[in-house]
Amino acid sequence: MKKLVNYLQESYDELVYKVSWPTLSEVTNSAVVVLFASLLIALVVWAMDSAFESVMKFVYGLL
């Protein structure tokens with residue numbers, strides 16, 4: 001039981017005193033970057049899917 005209490009105390013001390021937490025503005029900026037990157041990747045995948053669909057329709061139309 002003493003090991004568990006010691007572990008929890010050390011974990012708390014590390015989280016409170018040793019971890020450098022980002023500020024709210026840093027978290028917000030990171031979230032915005034992730035949002036725009038995700039949208040950009042989604043648009044690229046959608047464009048590739050649409051192009052592949054058009055190519056496949058053309059190929060199957062020839063058969």
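For the chain, with a Gaussian network of springs between Cα atoms less than 10 Å apart, report the residue from S11, S38, S25 with the top mean-square fluctuation. Among S11, S38, S25, the largest GNM mean-square fluctuation belongs to S11. Rolling a 1.4 Å probe over the protein heavy atoms of the range 13-61, with every protein chain left in place, gives an accessible area that is 74 percent carbon and sulfur.
Computed extension length for F58-V19: 8.3 nm, one decimal, from 0.36 nm per residue of separation with the Cα-Cα distance subtracted.
Can you compute log10 of I(q)/I(0) for the chain with the Debye formula, treating each Cα as one identical point scatterer, at q = 0.20 Å⁻¹? Scattering profile of the chain, log10 relative to I(0): -0.85.
What the chain shows is 98 Å² of accessible area per residue, with the surface traced by a 1.4 Å probe over protein heavy atoms. Put a plus charge on the Cβ of each Lys and Arg, a minus charge on the Cβ of each Asp and Glu, and nothing anywhere else: the dipole of the chain about its Cα centre is then about 160 debye.
The values are calculated or read from the model by the stated rules, or taken from the named source; none is laboratory data. These figures come from a predicted structure and were not determined experimentally. So basically every Cβ, Gly included, is an ideal-geometry build from the backbone, and we count neighbours across all protein chains shown. Just so you know, the surface numbers come from the protein's heavy atoms only, side chains and all, with ligands and any DNA or RNA stripped out. Shrake-Rupley method; radii C 1.70, N 1.55, O 1.52, S 1.80 Å.
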